[in-house]
1. Being within 12 Å of chain A (Cβ to nearest Cβ), β-branched (Val, Ile, Thr) and not in a loop (DSSP other than H, G, I, E, B) narrows it down to one residue among B:Val155, B:Val109; which is it?
2. Could you check B:Asp306 against (1) crowded, with 17+ Cβ neighbours inside 10 Å; (2) not in a loop (DSSP other than H, G, I, E, B) and say which number it fails?
3. Would you point out which residue out of B:Gly289, B:Gly313 is in a loop (DSSP other than H, G, I, E, B) and in contact with a strand residue (DSSP E or B) (Cβ under 7 Å, 6 or more places away or on another chain)?
4. Restricting region B:37-52 to residues that are at the interface with chain A (Cβ under 8 Å from one of its Cβ atoms) and more than 19 Å from A:Ala90 (Cβ to Cβ), which is farthest from the chain's Cα centre (by Cα)?
5. Restricting to region B:27-39, and then to whatever is crowded, with 22+ Cβ neighbours inside 10 Å and of a type in the set (A, V, I, L, M), can you tell me which residue is nearest to B:Arg220 (Cα to Cα)?
6. Go through region A:37-60 and count every residue that is within 11 Å of chain B (Cβ to nearest Cβ) and over 12 Å from A:Ser98 (Cα atoms).
7. Which ones in region A:93-108 are at pLDDT 80 or above and surrounded by fewer than 21 Cβ atoms within 10 Å (Cβ to Cβ)?
8. May I ask you to list the residues in region B:53-68 that are within 11 Å of chain A (Cβ to nearest Cβ) and touching a Phe, Trp or Tyr at 6+ places or on another chain (Cβ under 9 Å)?
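The values are calculated or read from the model by the stated rules, or taken from the named source; none is laboratory data. Bear in mind the structure is a predicted one, so any value in this text is a computation, not a measurement. Every residue, glycine as well, gets a Cβ built from its backbone with ideal geometry; the counts of neighbours run over all protein chains shown.
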Amino acid sequence: MKILVADRDGNRAAALSAQLQAQDDAFAIILVQGDENLLDAVRRAAPDMVIVDMARPDRDGLDSVRILSAAQAMPVVMFVDDDDPEFMEAAIAAGVSSYHVYDVALPAIKPVLRTAMAFFKRSQAMSTRLAEAEEQITARRMVEAAKRLLMTEDKMSEPAAHRFLQRRAMDQQKKIVEIAAALLQARGKMGSGNV
Amino acid sequence: MSDVIRLGLLRLCDAAPVILADRQGMFAAHGVGVELCVEPSWANIADKLGYGLLEGAVMLPPLAMACAAGLRGRKTELVVPMSLSANGNAVTLATRLREGFAAAGIAGVAAAKKLRLAVVHGYSTHDLLLRYWLAANSVDPDRAVEITVLPPAEVVGSLAADAIDGFCAGAPWGQVAEHAGLGFVAVQSRDIWRDHPEKCLALRADFAARDPAGMMGLLRALIAAGAACAAPDGRAGLAALLAAPDYLDLPAHLIEGALDPDAGGPLFAPQYPLPAHGEWFAEQMLRWGKAPPRILDVAAALYRPDFFTAAGGAAAVARSEVFCDG
């Protein structure tokens, strides 16, 4: 079975194709090249199945391959599995979609798509963790900046400044970072470089 | 308050009513929570509608019909309770074709070279209007030219790279190509079919049945937003809003020009979902072999002016019958 992998994330595409290759010798994996248009890649590779990163804007081209190629007798049918909408929903939520070009049996498609879903989910989780980590660093810096402000402008000791922020957070039922941000904002220190 | 309604849209000028309603709190003012989901492709919108990851979307009427008929992906019961815009597309050709076009029209240009023309989707108003115009000028859209599919944001780059000879896309892409000196507008879509319907609101039929109050709030908010978008004095503000990196990420002055309905830009009124509009698209899909005859019944069931009137929408105006071939 010829599988075209259309993923603009080159590392993920390479890892996914290695995994699929290891899964079954009969799989021939073809990657869409750099800037190549998806529709052109499908014409070039004539695959049995296409695994697509849903973030690709040129995926619209695949919706009309059947129409465009009617003269060339190359049927492209979107992967529709009405028996298992939850499976497709999960695939779409993971950011991956598939098309089968010839009549590939569903049992053959599912393990391929499942592997792709695992890779896409993992990269989603990684970017979420990265964003969370960045958010935590920003939050810590914000609290530190607010404490420094209280220490220099209000002559508080470090423990007193910390207690001040904590007490306010408790009184107002807010997070300490929100109190810190409000304080910096009120004193015109937001984004002044000391955050 | 109903559950949050997820609405899909693409980065285009005619998504203005939903963007404005969101940014100005019109959804909240009408008692509905709406989450806008900016999607990279029509295929994403169609698939997410199909698998219930969106309740509704700013949609191309022919694509809504294709989804409802099961012609692409999963068969999805939809309703079209309102239209969101009219006009706004343009057929743009590469600058090198300008003299030939001025001398001999599209027929002359197409006779000299088999043109490669891009549209945004195989089931789109752009495709059907382009085909109508070509055929009206005795150019066979299936044989005399090659029609391909490209994302709107990529048509200008493809024109620059000589990968295509022209395209039919919505505002502001024709203006962007012209501004860059890469192309010229050969015909505005309003001059192919005067005041043709363009984007519509498509909702999952099960959402409409499950949450009629939510749907009414949504429609009322979008009726108010459409009126605000149609007001000429609001155009500069609207352009500034659409120019933001979250949406079109283009210069505001360029978008302001593209929003001018007198220059072929989108019209945001009237919004009545006229079943006769659906009928025209269905007939054209049949004409070009893009759909089986049952598409006529699918189109008839899809349009729901009763929902629009129930939400206080203005009464119907007759379908425009002004076409480029008279």
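1. B:Val155
2. (1)
3. B:Gly313
4. So the residue we want is B:Pro40.
5. Only one residue fits best here, namely B:Val32.
6. Looking only at region A:37-60, we keep the residues that are within 11 Å of chain B (Cβ to nearest Cβ), and these are A:37-40, A:43, A:52-60.
Then keep just the ones that are over 12 Å from A:Ser98 (Cα atoms); that gives A:37-40, A:43, A:55-58, A:60.
Result for region A:37-60: 10.
7. Correct list: A:Ala93, A:Ala94, A:Gly95.
8. B:Leu60, B:Leu63, B:Ala66, B:Cys67
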